[in-house]
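Have a look at the structure below before the remarks.
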Amino acid sequence: MRDLKAAPQRGLLIVNPKASTGSRRRTRWVVKKLDHALDLTVEQTRARGHGEELARRGADEGYDVVLSLGGDGTVNEVVNGLVADGRPAAEAPVFAPIPAGSTNVFARALGLPWDRRRAATAIVSAIEESRERTVSLGRARGDGTDRLFTFCAGLGWDASIIKKVESYRKKRNLGAHYARAVMAELNEHGVEGDSIEVELSSGEADLSTGMVVVQNCAPWTYLGTLPVNLNARASFNAGLDVLILRKLGLSDAAMTAASLLVGRDGPDGKHAVTHHDLSRIRLRASLPQAFQLDGDYLGELTELDLDSVPGALRVAC
């Protein structure tokens, strides 16, 4: 009897054509590489939120693997579409992020290369060898917001910085734009903000007048090749970690920033405190605060509940 090869898995590649490191030539290379391992369909996003719609449709239509080619914003949309309405990880397609943005935190936290060609090659090997893992996600709810996040959420100063970075049109030199945004925020508003009450599932409570950043994995972000750690112990295999910046002056802010760039464990002490492996974090602000999710500015909130969602997503890596 003739030996028949098993039919390839069905794959859906969701491409953000506006990703900061995108090019048609490199996209064609990725598509050709994936074609060797998958019965591949390619869709391009047309507007914000379209990636989520395409991923939800892909999950409903029974695709085996859904991949994204874009930055962390595209990843966030696709993940929210794959596990929409509480779809269990076992019933959702396996997800694979191919980096094409400016930081690509989630893909790099999974151990994938920053270069899209090497990442695509690693993902093809994982698909062919049926290598996958299940990771936790975070969930953010409040003031009309209900979204999952893959690596971080923040309320306060860091989200204000992200808002300014997004307002700059040229994004090739992320480090320079980030420094420019920090200086602009310092000049306009200083360091201290309005108070944010923090309640933790451990029963502890704290107060911030700077910012609160919640992580689902480490690092928090990258400046080029340099990882920036707020909570170095954060992990896909644990609950949420949080950094609470208390009352800060300019000198304290400078010391905190320096420790982020050189410290392995991130800041922890009188002006900044961290907590590890939490199931829930509740934030209540005295006035609306800037809010970011997976590195995207999403507006202002006064109330935010963040929950760990264990075993929420299967990833090929």
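The values are calculated or read from the model by the stated rules, or taken from the named source; none is laboratory data. It should be emphasised that the depicted structure is a prediction, and the values quoted were computed from it without experimental measurement. Using ideal geometry, Cβ is built from the backbone for each residue, glycine included, and neighbour counts are taken over all protein chains shown.
Worth a mention:
- In the set (1) of a type in the set (D, E, K, R); (2) over 21 Å from ALA19 (Cα atoms); (3) crowded, with 20+ Cβ neighbours inside 10 Å, the condition left unmet by ARG87 is number (3).
- Filter result (within 13 Å of VAL15 (Cα to Cα) and either of a type in the set (Asp, Glu) or outside the structural domain of ALA19 (by TED's automatic domain parsing) (or both)) within the stretch 61-98: ASP72, GLU77
- Hits in the stretch 48-74 (condition: in contact with a Ser or Thr (Cβ under 6 Å, 6 or more places away or on another chain) and within 12 Å of PHE95 (Cα to Cα)): SER68
- Selection count, the stretch 21-55, where residues are touching a helix residue (DSSP H, G or I) at 6+ places or on another chain (Cβ under 7 Å) and exposed (fewer than 15 other Cβ atoms within 10 Å of the Cβ): 3
- Selection from the stretch 193-219 of residues that are among the acidic types (Asp, Glu) and free of Cβ contacts under 8 Å to residues at least 60 places away in the same chain: none
- Some residue of the stretch 284-291 being over 21 Å from GLY49 (Cα atoms), without any contact (Cβ under 8 Å) to a residue 60 or more places away in the chain and not assigned by TED's automatic domain parsing to the domain that holds GLY73: yes
- Checking every residue in the stretch 278-289 against the condition of being over 29 Å from GLY144 (Cβ atoms) and at pLDDT below 95 gives zero matches.
- Annotation: VAL124 fulfils all but one of (1) outside the structural domain of ALA92 (by TED's automatic domain parsing); (2) modelled with pLDDT of 85 or more; the unmet one is (1).
- Look at the stretch 229-249: where a residue is at pLDDT 95 or above and a partner is surrounded by fewer than 18 Cβ atoms within 10 Å (Cβ to Cβ) and part of a loop (DSSP other than H, G, I, E, B), sitting 6+ places away or on another chain with Cβ atoms under 6 Å, you get GLY239/SER279.
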